[in-house]
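No value in this document is a laboratory result; all are computed from the given coordinates. The model shown is predicted, which means the values in this text are computed figures rather than measured ones. In this analysis, Cβ positions are derived from the backbone assuming ideal geometry, glycine residues included, and neighbour counts consider all displayed protein chains.
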Amino acid sequence: MRIRTFDDYQQAYQQSVEDPEAFWAGVAQEFQWRKPWTKTLQWNFTEPNIKWFVGGKLNITENCLDRHLAERGDQPAIIWEPNDPHEAGVTLTYRMLHDQVCRMANVLKRNGVGKGDRVCVYMPMVPELAIAVLACARIGAIHSVVFGGFSAQSIADRINDAQCRLVITADGAYRGNKEIPLKSVVDDALIGCPSVEKVIVMTRTRTPVAMLKGRDVWMEQELKQVTADCPAEEMDAEDVLFILYTSGSTGKPKGVVHTCGGYMVYAAYTFENVFQYEPGQVHFCTADIGWITGHSYIVYGPLACGATSLLFEGVPTYPDAGRFWDIVDKHQVNILYTAPTAIRSLMGFGLDKVENHDLSSLKVLGSVGEPINAEAWHWYDDHIGKNRCPIVDTWWQTETGGMLISPIAGVTKTKPTYATLPLPGVQPMLVDENGKEIEGNGVSGNLCMKFPWPGILRTTWGDHERCRQTYFSTYPGLYFTGDGCLRDEDGYYRITGRVDDVLNVSGHRIGTAEVENAINMHTGVVESAVVGYPHDIKGQGIYAYVIADAMPADHDADLTKRDILATVSRVIGPIAKPDKIQFVSGLPKTRSGKIMRRILRKIAEGDTSNLGDTTTLLDPAVVDEIKAGAV
Ligand code: 7RM
């Protein structure tokens, strides 16, 4: 099944299109199933209804842990590098990880969690986070990991949407020179979350926390009460494994649902092939487990393949901008998987931060989360890979479960800024505004998929209609990604960015509507419009046009701006704070009341020369005012 040459790739690709069921059955049979499936695939993209490995029974943790014990029980599964380089790290072998996952699973059971129950996980990047996630999977509980940078309000929304029964958190988190009081944020969230019965609190920063009798328990004390004997729950291939919330162009984030069988097969297959993982290698994915990249390529993909996965608690610039290279050197990292925003930020600190480290262990470099510009691509290639490591620019989404378009390291000829070719099983299609297929090469359009792969989302939690509407209704019969895409003369794909109202700020997906709603919660705000603009390091920055009920005078405009930022931080989290705020007296609207974002985007980009047709505007004069006041 393993692709080694471009010929292998072409053969695998051809089979995956001609006979997808046989292809994926071949991949899936390498895993451990309690009971084989009876039908490999059942699907339609209209309802949608997608089922892989129908009737198959398994537990993903048996595949990620138990299965490896005989052969590599003593091999490191997780290497943990703490935020502070002087603190001792932790290495967990597969045997130790198995033991700890079983214990944590028993703690969950003791606290009333069973198969199908939802568990919210709000944790720092510590081994216990991976253990918590796997412990849920062990007993068939559904995890919903919430990134540690989200606000109490965001946690509450996610907990209520999924009706979580239990929360796993820590007293606090270390991130660079900051300390984040996780438990206190959870306490704020839980005021509005009646479904939560228990909170398990891990000790990390030992900051003082309120422990509510009957609700809050210490993880360390609970672990003393249990054994390491926890048989895995038998799960159907289509039972829900996890929910992960992600932003779209409208309303609140959606709970993307992934299921046990297909997700496992897809995460593992793409991990092993794209990175060309070899036994014994150390894989370092710098994402947070709070995002899909962490789920698929720190936890499930690597562990399903018996790999060694490095988990880093901190940030790339602490204690200085050489930290990644320090980690690569110290742990002899072979595969480094990071985001363009991190590369661009580190580029700015100069080469002396790189040069005093031994990077010769590196074999493969990966990029994910946003388009990588040519300059960052070459810097990564020249100075990190020393022109001897293939770069895999992997394009995918929370909804896709794993990578869809990506080079296979050392197999696919790379091309800067191109995600190159679809992986086996992936059938991309470019369409125009009217949904007509754009054939041939040297073209661009909206990126869709015409056939399912095992990792595709199955639904959005509690609202199947929203799933249909968002992904399967724009172009009937197709999965619509929301991305624009170019296919060059060689048939290579380059993803150009979102075509909907979703921003990508430092690789984080943020809906403009979400940010607007947050800004509008500020008492002095009448209305707002948020757009993205090109940002040298973040990829995109957030530009907010705000109508205040009384136009703030110069001397308190700064204060009002800071209050708006504080409001957004409270409502969503610091990652959604606008980079620029401009007070305006009106917004460019059409006669039907629609904001003309095209114009606002142009002005935010600093390009006011050609604003296109403004004759349909209700009040064209407002455009001149906005142009004149651009920040
Ligand atoms: C994995 C992840 C998904 C959105 C997606 C794109 C953008 C991701 C690339 C990329 C260009 C890439 N999931 N995106 N990878 N754009 N090249 N290699 O990021 O759900 O958080 O975001 O990210 O717009 O639709 S995500």
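Legend: ranking of residues Cys448, Cys136, Cys467, Cys193 from fewest to most surrounding C-beta atoms inside 10 Å; resulting order Cys193, Cys467, Cys448, Cys136. Taking the charge dipole of the chain about its Cα centre, with +1 at Lys and Arg Cβ atoms and -1 at Asp and Glu Cβ atoms, the residue from Thr205, Ala28, Val226 reaching farthest to the positive side is Val226. Ignoring aspartates and glutamates fewer than eight residues from Lys594 along the same chain, none have Cα atoms less than 12 angstrom from its Cα.
What does the helix-only formula give at 222 nm for the chain: each DSSP H stretch with n ≥ 4 adding -39500 (n - 2.57), the total divided by the residues, and the result rounded to the nearest 500 deg cm²/dmol? Working shown, then result.
Numbers: 19 runs with 178 residues, N = 631.
That calculation yields -8000 deg cm²/dmol at 222 nm.
Tally the DSSP beta bridges in the chain and give the antiparallel ones as a percent, rounded to 5. Around 60 percent antiparallel, to the nearest 5.
Note on the stretch 26-79 and the stretch 141-184: Cα centroid distance 28 Å, given to the nearest whole angstrom.
Computed from point charges on the beta carbon alone (+1 for Lys and Arg, -1 for Asp and Glu), the dipole magnitude for the chain about its Cα centre is near 1040 Debye. When each of the peptides 288-295, 272-279 is scored by how many other beta carbons lie within 10 Å of its residues on average, the order from highest to lowest is 288-295, 272-279. When only alpha carbons of the stretch 1-160 are considered, Rg and Dmax amount to 19.4, 55 Å. Highest mean packing comes first when the peptides 170-177, 520-527, 396-403, 224-231 are listed by Cβ atoms within 10 Å, giving 396-403, 170-177, 520-527, 224-231. When you count the other C-beta atoms within 10 angstrom of each residue and take the mean per peptide, 126-135, 34-43, 77-86 line up highest first as 126-135, 77-86, 34-43.
Taking other C-beta atoms within 10 angstrom as a stand-in for reagent exposure, Lys254, Lys450 fall in the order Lys450, Lys254, fewest first.
With a cut-off of at most 14 other beta carbons within 10 Å, and DSSP calling the residue loop, which GluC sites (Glu not before Pro) in the stretch 435-502 qualify? Please list them. Hits after loop and neighbour filter: Glu439, Glu489. Let me know the shape class of the chain, please: from the alpha-carbon gyration tensor, a ≥ b ≥ c as square roots of the eigenvalues, rounded when a/c is under 1.5, otherwise prolate if a/b is greater than b/c, or oblate. Here the chain falls in the rounded category. Each of Tyr471, Tyr9 was scored by other Cβ atoms within 10 Å of its Cβ. Listed from fewest to most, they are Tyr9, Tyr471. Only lysine pairs 8 or more places apart or on separate chains count here, and in the stretch 366-463 those with Cα atoms under 26 Å apart total 5. How many angstrom lie between the C-alpha centres of the stretch 407-465 and the stretch 293-334? Taking the Cα centre of each part, the stretch 407-465 and the stretch 293-334 sit 28 Å apart.
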